[in-house]
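Colleague: Quick one: the structure is below, and I'll ask about it shortly.
Every number in this text was worked out from the coordinates using simple rules, so none of it is lab data. The model shown is predicted, which means the values in this text are computed figures rather than measured ones. In this analysis, Cβ positions are derived from the backbone assuming ideal geometry, glycine residues included, and neighbour counts consider all displayed protein chains.
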Amino acid sequence: MAVPKRRHSKSRRDKRRANWKLTSPNLVECPECHTAKLPHRVCSECGYYRGREVVQSE
C-alpha cells in the first residue's frame, strides 16, 4: 500500500484546503411577488410555485 515517505508541510496542506469555501445560494426572482427565492421551491412570501398557489398565505 502506498504510504508517504515524508510528511507534507503545513503550507502544502493549507494550499490544498484553500478552495474549501462556501458558495452563496443561487436566488431567483419569484414571478408572482418578485422577491428572491431558491429555485424549484415554493415561494415563502406568496406560496406560489409554477404559477399556482400551493401553500395558503395570510
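Colleague: Output the qualifying pairs, or none if there are none: Cβ atoms under 7 angstrom, residues six or more apart or on different chains, first residue in region 40-54 and within 17 Å of Asn26 (Cα to Cα), second residue surrounded by fewer than 16 Cβ atoms within 10 Å (Cβ to Cβ) and among the polar types (S, T, N, Q).
Modeller: That search, which allows pairs on different chains as well, returns Cys43/Thr35.
Colleague: Every residue in region 42-58 that is of a type outside the set (Val, Ile, Thr) and surrounded by 10 or more Cβ atoms within 10 Å (Cβ to Cβ), please. Working first, answer last.
Modeller: If we filter region 42-58 for residues that are of a type outside the set (Val, Ile, Thr), which is where we start, we get 43-53, 56-58.
The answer is Cys43, Ser44, Glu45, Cys46, Gly47, Tyr48, Tyr49, Glu53, Ser57.
Colleague: Scanning region 28-41 for residues that are under 16 Å from the mean Cα position of the chain (by Cα) and assigned to a loop (DSSP other than H, G, I, E, B), which turns out surrounded by the most Cβ atoms within 10 Å (Cβ to Cβ)?
Modeller: This residue is Leu38.
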